[in-house]
1. Filter the stretch 38-51 for residues that are open to solvent by 10 Å² or more (accessible area, probe 1.4 Å) and near the ligand (Cβ under 9 Å from one of its atoms); which is farthest from I195 (Cα to Cα)?
2. Against the condition away from the ligand (no atom under 15 Å from the Cβ) and part of a helix (DSSP H, G or I), how does R182 come out, does it pass?
3. Among the residues of the stretch 195-215, what is the count of those that are open to solvent by 10 Å² or more (accessible area, probe 1.4 Å) and in a loop (DSSP other than H, G, I, E, B)?
4. Just the residues that are closer than 29 Å to V230 by Cα, more than 9 Å from the ligand (Cβ to nearest atom) and open to solvent by 40 Å² or more (accessible area, probe 1.4 Å), please, taken from the stretch 52-96.
5. Which of the residues spanning the stretch 216-239 are in contact with a strand residue (DSSP E or B) (Cβ under 9 Å, 6 or more places away or on another chain) and either under 30 Å from K158 (Cα atoms) or open to solvent by less than 50 Å² (accessible area, probe 1.4 Å) (or both)?
6. Looking only at the stretch 97-107, count how many residues are over 17 Å from K23 (Cβ atoms) and within 11 Å of the ligand (Cβ to nearest atom).
7. Kindly check whether there is at least one residue in the stretch 150-160 that is in a helix (DSSP H, G or I) and touching a Pro at 6+ places or on another chain (Cβ under 8 Å).
Amino acid sequence: MIDASHPSTADASDLSAFPITRKWPARHPDRIQLYSLTTPNGVKASIMLEETGLPYEPHLVRFDADDQLSPEFLSLNPNNKIPAILDPNGPEGKPLALFESGAILVYLADKSGKLLPAGPAARYETLQWLMFQMGGVGPMFGQLGFFHKFAGKDYEDKRPRDRYVAEARRLLRVLDGRLTGRQWIMGDDYTIADIATFPWVRNLVGFYEARDLVGFGDFPEVARVLEHFVARPAVARGLTIPARD
Ligand SMILES: N[C@@H](CCC(=O)N[C@@H](CS)C(=O)NCC(=O)O)C(=O)O
């Protein structure tokens with residue numbers, strides 16, 4: 001008998017204690033359940049799952065239906081943001097629910113033994129660049145999107161937009177410097193730092209249409225690595241998962 005108030009006591013593959021599975025039933029409860037949408041944060045998780053080959057089942061969280069605000073979604077992530085996962089076979093064989101894309105990337109890297117260097121120094125350096133994305137690139141590019149492409153574009157006062165343009169350029173400069181002479185952020189090793197970062201760069205120059213605004217031509221190393229990133233088959237697949245219906 002499962003105590004619904006303590007989901008961590010549930011057995012692996014029995015996800016009935018997790019209310020999120022009522023709205024998004026698990027057809028394969030033995031697989032990692034992914035709740036997401038193909039936004040720059042969402043695709044970090046699907047790309048990672050595709051790169052590692054971990055078995056998973058994707059579920060579409062529809063913003064146009066406010067799915068992220070439903071009680072079922074909030075039961076897993078009270079912060080109403082995608083991506084989120086539920087691993088039936090987490091630490092000690094118990095289910096583990098997780099939100100925040102950075103935490104999900106680290107978890108999946110540890111679980112698979114892939115895309116996060118094992119040596120302590122390289123591991124911390126990778127986490128450093130992951131945090132650089134989580135605390136800098138994501139939030140700043142996101143604000144730029146708001147002021148350039150979405151509701152904020154109609155604001156007469158362009159100072160907020162210009163502030164985020166300047167900050168985006170500063171971050172791109174840092175990234176460009178880091179990538180000079182390196183194949184990926186961590187050199188020869190493709191890691192979760194790349195998986196966190198490049199969906200946001202792609203979004204900035206693609207969906208946000210901010211290529212000219214940020215002077216993307218000034219950052220050739222970033223452009224080079226972006227090209228290699230999107231050419232990876234697992235990335236191409238991950239960018240389309242979960243499929244929209
Ligand atoms: N720090 C979070 C940010 C996640 C995030 O901002 N997700 C957006 C989509 S890219 C979202 O779910 N927005 C829905 C909402 O705010 O209601 C992470 O990296 O997971």
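1. The first filter runs over the stretch 38-51 and keeps only residues open to solvent by 10 Å² or more (accessible area, probe 1.4 Å), leaving 38-41, 50-51.
Now narrow it down to the ones that are near the ligand (Cβ under 9 Å from one of its atoms): 39-41.
Values: T39: 13, P40: 10, N41: 10 Å.
Out of the qualifying residues, it is T39.
2. Working: away from the ligand (no atom under 15 Å from the Cβ): yes; part of a helix (DSSP H, G or I): no.
Considered against the rule, which asks whether it is away from the ligand (no atom under 15 Å from the Cβ) and part of a helix (DSSP H, G or I), R182 comes out as no.
3. Initially, the stretch 195-215 is screened for residues open to solvent by 10 Å² or more (accessible area, probe 1.4 Å), giving 200, 202-203, 205-209, 211-213, 215.
If we keep only those that are in a loop (DSSP other than H, G, I, E, B) as well, we get 206-209, 211-213, 215.
Qualifying residue count for the region: 8.
4. Correct list: G53, P55, P58, R62, D64.
5. Our first condition is that a residue be in contact with a strand residue (DSSP E or B) (Cβ under 9 Å, 6 or more places away or on another chain); within the stretch 216-239, this holds for 225, 228-229.
Correct list: V225, F229.
6. Residues of the stretch 97-107 over 17 Å from K23 (Cβ atoms): 98, 100-107.
Filter again for within 11 Å of the ligand (Cβ to nearest atom), leaving 98, 100-105.
Total meeting the criteria: 7.
7. Filtering the stretch 150-160 down to residues in a helix (DSSP H, G or I) leaves 151-154, 159-160.
Now restrict to residues that are touching a Pro at 6+ places or on another chain (Cβ under 8 Å): 152.
Yes: the stretch 150-160 contains one or more residues that are in a helix (DSSP H, G or I) and touching a Pro at 6+ places or on another chain (Cβ under 8 Å).
Per-residue answers, yes or no, for (1) hydroxyl-bearing (S, T, Y); (2) away from the ligand (no atom under 16 Å from the Cβ); (3) open to solvent by less than 20 Å² (accessible area, probe 1.4 Å):
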residue: G138; (1), (2), (3): no, no, yes
residue: P160; (1), (2), (3): no, yes, no
residue: L172; (1), (2), (3): no, yes, yes
residue: A193; (1), (2), (3): no, no, yes
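The values are calculated or read from the model by the stated rules, or taken from the named source; none is laboratory data. Source: prediction; values computed, not measured. Cβ atoms come from the backbone with ideal geometry, glycine included; neighbour counts cover every protein chain shown. We work out accessible area using only protein heavy atoms, side chains counted, and drop any ligands, DNA or RNA first. Shrake-Rupley method; radii C 1.70, N 1.55, O 1.52, S 1.80 Å.
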